[in-house]
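Reading through the structure tokens given below for one structure.
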Amino acid sequence: MSKLNYHHLQYFYAIATHGSIAQASKVMHITPQTLSAQLNLLEGQLGYSLFVRKGKRLVLNEMGHITLSYAQEIFSLGDELIHSLKNHSTDFSFRFSIGVTDVIAKVFSFNLLKTIYTMDDSIKLVCKETNLDVLFGDLAVNKLDAVLSDTSLPTGSPLKAYSHLVGKCGISFFAHKNLAKSLTDNFPYSLDGNPFFTAGEGSNQHLSVVSWFNELNISPKIIGEIDDSMLTMSFGEAGYGVFCAPTIIENYVTEQFDVEIIGKTTEISEHYYLISPERKVKHPAVQHLLAEGKKLFNQPIV
């Protein structure tokens, strides 16, 4: 494939942004015929059509969405370059893009990722939070430098990436103080029949907790499966039921929410991994996070 013509990419970006060739041509002061021809040249070079027509509007298809995401990143980097040059700076922004799975407690992510800013004053952190499948897809096409996950890369995954353990901890269980009094004694068997919130079905925590309950032959009444840990804690604080969280953040949970610890276990472990394209980590930000993560597990998060 010949080198990409960035003028064609800019024309495509304008059409995608404004929704039609006619509107984009007005903004760019180019005739619709010229703009249409430039779009055809780009589609011919890529080997894919990028839009489907719906009425008078052009709507991005799957390949169009992929192309748009790259275009946005390319133009963003261009803006950073111009900004740096205008300010006569030789310290260009160091960009670090990381994906975080949506089941990881945000307070843990914050305490780990904030250490990035101790590396370099000019660093730009780009963080995307969504499910693991989407993040692996972005890692595969080099849109992310690393993924922070509660699970390692699955065995047999076609993705050429490697799992680096940041740390692990046990699980603590919490309830509103009015409910906690009756559950602390005889934990964990006291959970049997009582309302309980788990992380979303399919998450590592959900599978581990339910498996542990089965081993103990107890059956808490699962009244909610919620990916957002902050929402789960809010339900617990309101007295709707028991919930669990990684022991590493238990101090934060009890200080920020009106709940008490009713018990904890190390028979269930929460693992945290940085997944990167390198077996031997070379990216300086990934190296930094691995080092800082190990420190984090030796001190409580408050």
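The values are calculated or read from the model by the stated rules, or taken from the named source; none is laboratory data. Please read these numbers as outputs of a predicted model, since none were measured by experiment. Here the Cβ positions follow ideal geometry from the backbone for every residue, glycine too, while neighbour counts run over all protein chains shown. Side chains included, ligands, DNA and RNA excluded: accessible areas come from the protein's heavy atoms. Shrake-Rupley method; radii C 1.70, N 1.55, O 1.52, S 1.80 Å.
Observations on the model:
- Positive-end extreme of charge dipole, the chain - chosen from Gly293, Thr232, Asn178 (charges on Cβ): Gly293
- Burial ranking of peptide ranges 239-245, 123-129 (average Cβ count within 10 Å, highest at the top): 239-245, 123-129
- Among beta bridges that DSSP assigns inside the chain, antiparallel share in %, nearest 5: 60 percent
- Whole-Å distance, taken between Cα centres, linking the range 123-190 and the range 255-282: 7 Å
- Cα-based shape type of the range 162-300, given that a ≥ b ≥ c are square roots of the gyration tensor eigenvalues and the cut on a/c is 1.5: prolate
- Rounded if a/c under 1.5, otherwise prolate or oblate - the range 1-69, Cα gyration tensor axes: oblate
- Under the simplified labelling scheme, the Ser69-Asp228 pair shows an inter-label distance of 2.3 nm, with each label point 7 Å from Cα along Cα→Cβ.
- Ranking Phe12, Thr118, His271 by how far each Cα lies toward the positive end of the dipole of the chain (charges on Cβ) leaves Phe12 at the top.
- One chain, two ends: Asn298 and Thr155. Fully extended at 0.36 nm per residue, the span grows by 48.5 nm beyond their Cα-Cα distance.
- Cα long-axis angle, helix 32-46 against the chain (0 to 90 degrees, to the nearest 10): 60 degrees
- Taking every Cα-Cα distance in the chain and sorting them into 20 Å bins from zero, the calculated P(r) comes out as 27, 44, 25, 4 percent.
- Unit charges on C-beta of K, R, D, E only; dipole of the chain, Debye: 1160 debye
- Of the residues Glu260, Glu250, Glu73, Glu62, the one with the largest accessible area comes first in the ranking Glu62, Glu260, Glu73, Glu250, computed with a 1.4 Å probe on protein heavy atoms.
- For the range 1-70, trypsin sites (Lys or Arg not before Pro) meeting the loop criterion (DSSP other than H, G, I, E, B) and having at most 11 other Cβ atoms within 10 Å: Lys3, Lys56.
- Relative contact order (%) - the range 174-302, alpha-carbon pairs under 8 angstrom, separation at least six: 32 percent
- Charged neighbours of Ser97, selected by a Cβ distance under 10 Å, balance to +1 (K, R count +1; D, E count -1).
- Here the simple spin-label model places points 7 Å from the Cα toward Cβ, and for Asp185 and His7 these points are separated by 8.3 nm.
- Built amide H within the under 5 Å cut-off of Phe51, gap 5+: Asn61
- Relative contact order for the chain: 20 percent, from Cα pairs under 8 Å spaced at least 6 residues apart, divided by residue count.
- Packing-based ranking, highest mean first, of 146-157, 190-201, 213-224 given that Cβ atoms within 10 Å are counted: 190-201, 146-157, 213-224
- Entry note, the chain: the mean residue ellipticity at 222 nm calculated from DSSP H runs of n ≥ 4, each adding -39500 (n - 2.57), is -13000 deg cm²/dmol after division by the residues and rounding to the nearest 500.
- Listed residues Phe94, Leu41, Trp212: farthest to the positive end of the dipole of the chain (Cβ charges): Leu41
- Estimated at 0.36 nm per residue, the fully extended path between Asp138 and Ile30 surpasses their Cα-Cα distance by 35.5 nm.
- Calculated FRET efficiency, Thr115 to Leu207, Cβ-Cβ distance, R0 = 22 Å: about 0.15 to the nearest 0.05.
- Distribution of pairwise C-alpha distances over the range 122-244, 5 Å bins, in %: 2, 9, 17, 18, 15, 12, 10, 8, 5, 2, 0
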